[in-house]
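Have a look at the structure below, then the notes.
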Amino acid sequence: MAVSILFLPGSIYAGLNILAFAVFTHDKLMAKINRGRIAENSLLLLAALGPIGALIAMVGFRHKTHQVKFVLVPVFAVVHLLLVVWLWPQIAG
């Protein structure tokens, strides 16, 4: 029962993380060729929704790792993981 209840939210969450990874990667590629960039606030909003994908792209491509604002991305990831750990017994139980 819990699996079917979690399928849609889990799929949406996975999709947001994939989207965050793709957008951060695209922004890095645009930075390399001096083309149009994605606004930092947009990247941060996307990172708040899909922090795991954003963090993987940041570390993997060394993108925005020296920007002070982007220290929030690992914080978002930790908050999301803590929410999953806290909510999982309530959902699965």
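Using just the alpha carbons, could you tell me how many Å³ per residue the convex hull of region 41-83 encloses?
Convex hull of Cα atoms, per residue: 57 Å³.
Rounded to the nearest 10 degrees, what's the angle between the helix 40-49 long axis and the longest principal axis of the chain, both from Cα atoms, 0 to 90?
It is inclined by approximately 20 degrees.
Which FRET efficiency, nearest 0.05, do ALA14 and VAL68 yield, Cβ-Cβ r, R0 30 Å?
So, using R0 = 30 Å, E works out to roughly 0.55.
Suppose only helical runs count, i.e. DSSP H with n ≥ 4. What mean residue ellipticity at 222 nm does that imply for the chain under -39500 (n - 2.57) per run, divided by all residues and rounded to the nearest 500 deg cm²/dmol?
The helix-only estimate for the chain comes to -26500 deg cm²/dmol at 222 nm.
Keeping every protein chain present and rolling a 1.4 Å probe, give me the accessible area per residue for the chain in Å².
68
Would you mind telling me the share, in percent, of accessible area of the chain contributed by carbon and sulfur at probe 1.4 angstrom?
Its accessible area is 74 percent carbon and sulfur atoms.
Calculate how steeply helix 2-32 sits against the longest principal axis of the alpha-carbon atoms of the chain, using the helix alpha-carbon long axis, and give the answer as 0 to 90 degrees to the nearest 10.
10
Just in region 51-93: which trypsin sites (Lys or Arg not before Pro) are loop by DSSP and have at most 16 other Cβ atoms within 10 Å?
Working: sites: ARG62, LYS64, LYS69; in loops: ARG62, LYS64.
When the trypsin sites (Lys or Arg not before Pro) of region 51-93 are filtered for loop state and at most 16 Cβ neighbours within 10 Å, ARG62 remain.
Distance between Cα centroids, region 3-19 to region 66-92: provide it in whole Å.
Between the Cα centres of region 3-19 and region 66-92 lies a distance of 16 Å.
Please find, in a Gaussian network model of the chain (springs between Cα atoms separated by less than 10 Å), the residue of VAL73, VAL23, VAL59 whose mean-square fluctuation is greatest.
VAL59
The values are calculated or read from the model by the stated rules, or taken from the named source; none is laboratory data. The structure displayed is predicted, hence computed values, not measured ones. Neighbour counts run over all protein chains shown; Cβ positions are idealised from the backbone, glycine included. We work out accessible area using only protein heavy atoms, side chains counted, and drop any ligands, DNA or RNA first. Shrake-Rupley method; radii C 1.70, N 1.55, O 1.52, S 1.80 Å.
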